[in-house]
Amino acid sequence: MTESIETIKTEALAAVAAADTPEALETVRLKYISRKGLIPGLMQHLKSLPPEEKKAYGQQVNDLKNTFQQALDDRRAAAEQAATGPAQSFDVTLPGQWRGLGSKHPITQLTERAIEIFQTLGFTVADGPDIETVFNNFDALNHPPGHPARDVKDTFYLDDPNTLLRTHTSPVQVRYMLEHPPPVRIIAPGRCYRRDTPDATHSANFHQIEGLYVAKKVSMADLKGDLSHFAREAMGPDTRVRFRPHFFPFTEPSVEVDFSCHVCHGQGCRVCKQSGWIEIAGAGMVDPNVFTAVGYDPDQVTGYAFGMGIERIAMILFGITDIRHLYENDDRYLRQFA
């Protein structure tokens, strides 16, 4: 029996060595270790052996099987390497190719910078869901029932008519005031949605950062001082700020906030349409009706609120002429903001 094992071992290893393709190796494998192969067939002799010889014989057959399998695996690896050719083989001694680090999107960069600036003034960051209730988005913010912003042509309503994609980040202010007593000093960055036709300056989704400061004696002077500080920190120390009377349902009095053009420094250019100013934010003193809606006593507290578009600031600072460039994920374009 031992002679038979040695004979098959010699033949099997020679057959493996002679096979130079994956197909030839598969043929050898089937001949020797398939279910009806020669090596499994050796185990059929166990039943005719004396009991004292069965253990040693079985061990010899298993050793043969393991030796053959190892030789087969080694030969298969060598055959596959040879089949790929030297041009396609991997040379571990070659130096790696540096791919470079990724960078933050310009919207992310400006959002983090705005948060950093307002945090130096004592603001904390608040967050809220993109899907909002009509109460938080409109009712609590003093929008009357017939206000144009409520129209389905301007707002994305969901299947439940009481829910919608928020049109601004002001609902975060409502949520925060419903859960926290005054004083409140928060900023709320996030994504917003409106039914705008996409063009060079409009998008159906965009980013805002809202601010809210509520305490016993907050005044318009606080609002002007904080936004002026933000303008100088974000746009440059020579930036000037202009406040123009306006109307928003949730603030009274309300103002539009303009920053002096950082390109022409107020002299007039194509970017600012020769005016010397660029509109950045809407702001004002929180309307008493908003305080009443969230359970604050308008006779005990006052506050200001503001909201500004992150894309608008990005377009001004980086000279972006089309807002759609920010969303097309063209690496060649975004790489310049790294």
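Does the stretch 28-58 hold any residues that are out of contact with any helix residue (DSSP H, G or I) (no Cβ under 8 Å at 6 or more places or on another chain), within 25 Å of residue 73 (Cα to Cα) and among the aliphatic types (A, V, I, L, M), and which are they?
30 - this is the single residue of the stretch 28-58 that is out of contact with any helix residue (DSSP H, G or I) (no Cβ under 8 Å at 6 or more places or on another chain), within 25 Å of residue 73 (Cα to Cα) and among the aliphatic types (A, V, I, L, M).
Based on what the data block shows, is residue 63 in the same structural domain as residue 8 (by TED's automatic domain parsing) and farther than 12 Å from residue 13 by Cα? So that I can check it myself, show each step before the final result.
Numbers: in the same structural domain as residue 8 (by TED's automatic domain parsing): yes; farther than 12 Å from residue 13 by Cα: yes.
Yes, satisfied.
Can you find a residue that is surrounded by fewer than 18 Cβ atoms within 10 Å (Cβ to Cβ) and not in a helix (DSSP H, G or I) anywhere in the stretch 205-215?
Within the stretch 205-215, one or more residues are surrounded by fewer than 18 Cβ atoms within 10 Å (Cβ to Cβ) and not in a helix (DSSP H, G or I).
Would it be correct to say that residue 196 is under 27 Å from the mean Cα position of the chain (by Cα), acidic (Asp, Glu) and either under 30 Å from residue 268 (Cβ atoms) or not in a strand (DSSP E or B) (or both)?
The answer is yes for residue 196.
Just checking, does the stretch 236-248 include any residue being of a type outside the set (D, E, K, R) and in contact with a Gly (Cβ under 8 Å, 6 or more places away or on another chain)? Before the answer, list the steps.
As a first pass, look at the stretch 236-248 and keep what is of a type outside the set (D, E, K, R): 236-237, 239, 241, 243, 245-248.
Then drop every residue that is not in contact with a Gly (Cβ under 8 Å, 6 or more places away or on another chain), which leaves 246, 248.
Yes, there is a match, as at least one residue in the stretch 236-248 is of a type outside the set (D, E, K, R) and in contact with a Gly (Cβ under 8 Å, 6 or more places away or on another chain).
Taking residue 143 as meeting all but one of (1) part of a loop (DSSP other than H, G, I, E, B); (2) modelled with pLDDT of 90 or more; (3) loosely packed, with under 13 Cβ neighbours inside 10 Å, write down the number of the exception.
In the conditions (1) part of a loop (DSSP other than H, G, I, E, B); (2) modelled with pLDDT of 90 or more; (3) loosely packed, with under 13 Cβ neighbours inside 10 Å, residue 143 misses (3) alone.
Can you tell me which residue in the stretch 5-27 is farthest from residue 75 (Cα to Cα), limited to those that are surrounded by 15 or more Cβ atoms within 10 Å (Cβ to Cβ) and touching a Phe, Trp or Tyr at 6+ places or on another chain (Cβ under 9 Å)?
Filtering first and then ranking leaves 5.
Give the number of residues within the stretch 54-76 that are closer than 17 Å to residue 6 by Cα and either in contact with a strand residue (DSSP E or B) (Cβ under 6 Å, 6 or more places away or on another chain) or touching a residue at least 24 places away in the same chain (Cβ under 8 Å) (or both).
9
How about the stretch 6-23: which of its residues are assigned to a helix (DSSP H, G or I), in contact (Cβ under 8 Å) with a residue 24 or more places away in the chain and either more than 14 Å from residue 70 (Cα to Cα) or not assigned by TED's automatic domain parsing to the domain that holds residue 80 (or both)?
Selection gives 8, 22.
Search the stretch 208-224 for residues that are closer than 25 Å to residue 128 by Cα and pair each with any residue that is among the β-branched types (Val, Ile, Thr) and assigned to a loop (DSSP other than H, G, I, E, B) when their beta-carbon atoms are under 6 Å apart and the residues are at least 6 apart or on different chains.
Every condition considered, the pairs that remain are 208/169; 210/169; 214/301.
From the list 171, 161, 145, 189, exactly one residue is under 26 Å from the mean Cα position of the chain (by Cα), more than 22 Å from residue 302 (Cα to Cα) and in the same structural domain as residue 318 (by TED's automatic domain parsing). Which is it?
Just one listed residue meets the conditions, 189.
Quick grid of which residues meet (1) at pLDDT 95 or above; (2) surrounded by 15 or more Cβ atoms within 10 Å (Cβ to Cβ); (3) in contact with a helix residue (DSSP H, G or I) (Cβ under 8 Å, 6 or more places away or on another chain):
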residue: 124; (1), (2), (3): yes, no, no
residue: 149; (1), (2), (3): no, no, no
residue: 162; (1), (2), (3): no, no, yes
residue: 168; (1), (2), (3): no, yes, yes
residue: 172; (1), (2), (3): yes, yes, no
residue: 184; (1), (2), (3): yes, yes, yes
residue: 187; (1), (2), (3): yes, yes, yes
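Please go through the stretch 245-260 and pick out each residue that is closer than 22 Å to residue 292 by Cα, crowded, with 16+ Cβ neighbours inside 10 Å and not β-branched (Val, Ile, Thr).
Passing the criteria: 248, 249, 250, 254.
Which is at pLDDT below 80 and either at positive phi or in contact with a strand residue (DSSP E or B) (Cβ under 7 Å, 6 or more places away or on another chain) (or both), of 85, 102?
On the way: 102 fails: either at positive phi or in contact with a strand residue (DSSP E or B) (Cβ under 7 Å, 6 or more places away or on another chain) (or both).
Result: 85 is the single residue among 85, 102 that is at pLDDT below 80 and either at positive phi or in contact with a strand residue (DSSP E or B) (Cβ under 7 Å, 6 or more places away or on another chain) (or both).
Which residue pairs have Cβ atoms closer than 9 Å, lie 6 or more positions apart in sequence or on different chains, and pair a first residue in the stretch 149-163 that is farther than 9 Å from residue 134 by Cβ with a second residue that is of a type in the set (Phe, Trp, Tyr) and surrounded by 14 or more Cβ atoms within 10 Å (Cβ to Cβ)?
That search, which allows pairs on different chains as well, returns 149/138; 155/138; 155/193; 156/193.
Looking at (1) at pLDDT below 85; (2) part of a loop (DSSP other than H, G, I, E, B), can you tell me which one residue 237 breaks?
(1)
Does the stretch 110-118 contain any residue that is surrounded by 12 or more Cβ atoms within 10 Å (Cβ to Cβ), assigned to a loop (DSSP other than H, G, I, E, B) and either at pLDDT below 90 or not aliphatic (A, V, I, L, M) (or both)?
The answer is no, given that none of the residues of the stretch 110-118 is surrounded by 12 or more Cβ atoms within 10 Å (Cβ to Cβ), assigned to a loop (DSSP other than H, G, I, E, B) and either at pLDDT below 90 or not aliphatic (A, V, I, L, M) (or both).
Of all residues in the stretch 301-338, count the ones that are of a type in the set (S, T, N, Q), part of a loop (DSSP other than H, G, I, E, B) and at negative phi.
1
The values are calculated or read from the model by the stated rules, or taken from the named source; none is laboratory data. Worth saying up front: this structure is predicted, and the values here are computed from it rather than measured. Neighbour counts are summed over all protein chains in view; Cβ atoms, including those assigned to glycine, are modelled from backbone coordinates with ideal geometry.
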